[in-house]
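Single-structure report; data block below.
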Amino acid sequence: MLQHLIEVWFHWVHDWGYVGVIILMAMESSIFPVPSEIVIPPAAILAAYGGQDAHMTLTGVVLAGTFGSWLGSAITYLVARLVGRPFIARYGDYVFLPPKKVVRAERFMHRYESGGIFFARLLPVIRHLISIPAGIIRMNFARFSALTVFGSAIWCGVLAWLGGRVGAKLDAVELRALQTGIGVDLGGLIRAVKHEALWIVIAIVAVCVLYFVAMRITAHRHEEEAGR
């Protein structure tokens, strides 16, 4: 079933261009588990190596991906703000949001707030959950949007760059399959992107860990000073 979904998502990007990228990245930034690795990199390859049939540019792919990420995040934020925590805690299990996961995300938001929103846009899995606690605690929407756009633009830019690297290594047969949408080895494509992205993801995670450690130390010092 997952393989079939990935094939459908890929053809949305291939056939619908920017609209497909926007829809899928909006889904990826909400509660739907769409992997961004099958959205931005193939679109970037098509934009860079699609020849005369290409109907996208790399800049357009990044902009479409960023807008889609913001759109999905904004909708999730507004829904969470509207229905509130009790509703999500009661019905979250039906949309893959068990109460424990919501509570952890809410604690994360209370502790890291603006910085947490930005860094969450760079981390897999966390990316599609962070809008919910932001809406629950009624974070300023303009600030939420700015941080979401900034972080999403960086992530989409990284994935587009990785798509260019992967595309440069494809042979003529693989590239033609990607351009036509027929006989594409999507599993191989995803593995190639993840292989290229490994060190970048490690670097991003390291930066995030340093940030959260610094915030934790600062919070402890603040509590000690308040206690005195």
query: Of the listed peptides 143-154, 174-185, 58-69, what is their order by residue-averaged count of other C-beta atoms within 10 Å, with the highest listed first?
result: 58-69, 143-154, 174-185
- prompt: What order do you get for His14, His128, His110 when you list them from fewest to most C-beta neighbours inside 10 Å?
  reply: His110, His14, His128
query: For labels at Ile137 and Phe150 in the simple 7 Å Cα→Cβ model, what's the distance in nm?
result: 1.7 nm
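Only the coordinates and a few stated rules stand behind these numbers; no lab work does. Worth saying up front: this structure is predicted, and the values here are computed from it rather than measured. When we count neighbours, we look across all protein chains shown, and the Cβ atoms used for this are built from the backbone with ideal geometry, even at glycine.
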